[in-house]
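Below: the structure, in structure tokens.
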Amino acid sequence: GQQVMQIPQYQHVQEGEDFTTYCNSSTTLSNIQWYKQRPGGHPVFLIQLVKSGEVKKQKRLTFQFGEAKKNSSLHITATQTTDVGTYFCAGPDGSQGNLIFGKGTKLSVKP
Amino acid sequence: EADIYQTPRYLVIGTGKKITLECSQTMGHDKMYWYQQDPGMELHLIHYSYGVNSTEKGDLSSESTVSRIRTEHFPLTLESARPSHTSQYLCASSAQTGSNQPQHFGDGTRLSIL
């Protein structure tokens, strides 16, 4: 079945370092969404990418959607302790209108 | 912040008890979901609903059941809780119009079965 794979599973960085998480799909996606879940919290929607090659920025966060619409990345510049959490990508399941979530990348930031 | 509410926030209860986890949203969203998530792990879809009187099973088999009698309310029930049901249960909703609208999550219920 359709899968959304995300790497790395964990990332430990020093505050101020950059961070990137990658998401790959076994099939072409009509769109991809990114969510952030703080420790002890719930997933919060960050952004949705729809167009091939699309790049969107939210302050220090840069989101990219691959040209083939099968992969995506989230890059955080100069991480801060407030960036700590698990970042999930999610793609449509193609049939029921649901999302398939990646396993997430857990980011920890050392002050 | 999205207006979706889950109660209780935490529940510790003995084996064999009947449990209902409540979820309500005030956004008028047609589509609602239940996910199961162990701490720090991936999200597993266990139930979803397209609207009133619609309930569907998700990707992960679950012994729980759901109902959707009102648009805003999507409770999840475990008839006889077991330790294997210990997990966090997250409720979410989204507008059904258009394809794959963003999902808004509640704070979750952390369930522990003794």
message: Suppose we filter the stretch B:53-68 for residues that are over 21 Å from residue B:109 (Cα atoms) and either basic (Lys, Arg) or open to solvent by 70 Å² or more (accessible area, probe 1.4 Å) (or both); how many remain?
response: 1
message: Just to verify a result, which residue in the stretch B:71-91, among those that are open to solvent by less than 40 Å² (accessible area, probe 1.4 Å), assigned to a loop (DSSP other than H, G, I, E, B) and farther than 13 Å from residue B:11 by Cβ, is nearest to the other protein chains (Cβ to nearest Cβ)?
response: B:74
field: Subset of the stretch A:79-93 that is within 11 Å of another protein chain (Cβ to nearest Cβ) and on the phi < 0 side of the Ramachandran plot - its residue that is surrounded by the fewest Cβ atoms within 10 Å (Cβ to Cβ)
entry: A:93
field: Qualifying strands (runs of 3 or more DSSP E) (wholly inside the stretch B:6-70; at least 3 residues being within 11 Å of chain A (Cβ to nearest Cβ))
entry: B:31-37, B:44-49
- prompt: Is there any pair with a first residue in the stretch A:79-94 that is among the hydrophobic types (A, V, I, L, M, F, W, C) and a second that is part of a loop (DSSP other than H, G, I, E, B) whose Cβ atoms are under 6 Å apart and which are 6 or more apart or on different chains, and what are they?
  reply: A:88/A:102; A:88/A:104; A:89/A:102
query: Across the stretch A:9-37, which residue is most open to solvent (accessible area, probe 1.4 Å) among those that are farther than 19 Å from residue A:78 by Cβ and not hydroxyl-bearing (Ser, Thr, Tyr)?
result: A:9
message: I need the full set of residues from the stretch B:41-55 which are out of contact with any Ser or Thr (no Cβ under 7 Å at 6 or more places or on another chain) and within 23 Å of residue A:89 (Cα to Cα), in order please.
response: B:41, B:42, B:43, B:44, B:45, B:48, B:50
query: Of all residues in the stretch B:92-112, which are more than 9 Å from chain A (Cβ to nearest Cβ) and under 11 Å from the mean Cα position of the chain (by Cα)?
result: B:93, B:109
- line: The residue from A:76, A:47 that alone is within 14 Å of chain B (Cβ to nearest Cβ) and surrounded by 13 or more Cβ atoms within 10 Å (Cβ to Cβ) is A:47
statement: Filtering the stretch A:94-108 down to residues that are within 7 Å of chain B (Cβ to nearest Cβ), within 10 Å of residue A:8 (Cα to Cα) and surrounded by 22 or more Cβ atoms within 10 Å (Cβ to Cβ) yields A:104
- prompt: In this structure, is residue A:80 modelled with pLDDT under 95 and more than 13 Å from the chain's Cα centre (by Cα)?
  reply: no
- request: Could you list all residues from the stretch A:52-61 that are open to solvent by 70 Å² or more (accessible area, probe 1.4 Å) and either in a strand (DSSP E or B) or within 14 Å of chain B (Cβ to nearest Cβ) (or both)?
  value: A:55, A:56, A:57
task: Would you check which residues across the stretch B:26-46 are surrounded by 15 or more Cβ atoms within 10 Å (Cβ to Cβ) and farther than 20 Å from residue A:36 by Cβ and list them?
output: B:29, B:30, B:31, B:32, B:34, B:46
- request: Kindly indicate whether residue A:85 is under 22 Å from residue A:10 (Cβ atoms) and modelled with pLDDT under 95.
  value: no
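The values are calculated or read from the model by the stated rules, or taken from the named source; none is laboratory data. Nothing here was measured: the structure is a model prediction, and the numbers come from that model. Glycine gets a Cβ as well: all are built from the backbone with ideal geometry, and neighbour counts include every protein chain shown. Calculation scope for accessible area: heavy atoms of the full protein, side chains included, ligands and nucleic acids excluded. Shrake-Rupley method; radii C 1.70, N 1.55, O 1.52, S 1.80 Å.
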